[in-house]
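The values are calculated or read from the model by the stated rules, or taken from the named source; none is laboratory data. Computed from a prediction, not measured in an experiment: that's the story for all the values here. As a convention, Cβ positions derive from the backbone with ideal geometry for all residues, glycine included, and neighbour counts pool all protein chains shown. Accessible surface is based on the protein model in full, side chains and every heavy atom, while ligands, DNA and RNA are left aside. Shrake-Rupley method; radii C 1.70, N 1.55, O 1.52, S 1.80 Å.
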Amino acid sequence: MSNRECMTISPFMAFALEEARAAGARGEVPVGAVIVDAATGEVLARAGNEVEARRDPTAHAEMLVIRAAARARAEKRLPGCDLYVTLEPCPMCAQAIAFARISRLYFGAGDPKGGGVVHGPRIFSQPTCHHRPEIYDGIGEAEAAALLKEFFARRR
């Protein structure tokens, strides 16, 4: 079984998908994220998008879990932590991931329109990027993409 296949059934991505479904049910774009201490497997934070509820354009799931995990650890950086997110992070979130020194990024669906990792500005490939996490894409991709597609189809 490949790494991608193993990660498809990861409980951490399953938690992120739960958060995405909950966000969608609240009327938010269905994106969920989880930060895990890679050494212990402890989930430090879970969240779904809260942009609408907070009326805050920075309340993306990734930003929320980075903030919560940093508070939980009482540290500004999160080395040794893994981030699982259902959608490719946007440029803002990708830069926050770099600033937080997240070790590994696992994401589901790619985002050709708004992504900042494998699409768009490819933040981690820029010479000005101070930290580059290991990146694993396509994890739980089909379910993550289906959640987004269904959400936007309902809104049209």
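A few remarks follow.
- For the chain, the per residue solvent-accessible surface stands at 50 Å², with DNA, RNA and ligands left out and a 1.4 Å probe.
- Three-way shape call for region 8-57 based on the alpha-carbon gyration tensor, with the a/c threshold at 1.5: oblate
- Of the GluC sites (Glu not before Pro) found in region 10-54, the ones in coil according to DSSP and having at most 15 other Cβ atoms within 10 Å of their Cβ are Glu42.
- Rolling a 1.4 angstrom probe over the chain with all protein chains present gives an accessible area of which 53% lies on carbon and sulfur atoms.
- Electrostatic dipole magnitude of the chain [Cβ: Lys, Arg +1; Asp, Glu -1; Cα centre; debye, to 20]: 460
- Ellipticity estimate at 222 nm from DSSP helix runs (n ≥ 4, -39,500 (n - 2.57)) divided over the chain, nearest 500: -12000 deg cm²/dmol
- Cα gyration tensor category, rounded, prolate or oblate, for the chain with a/c compared to 1.5: rounded
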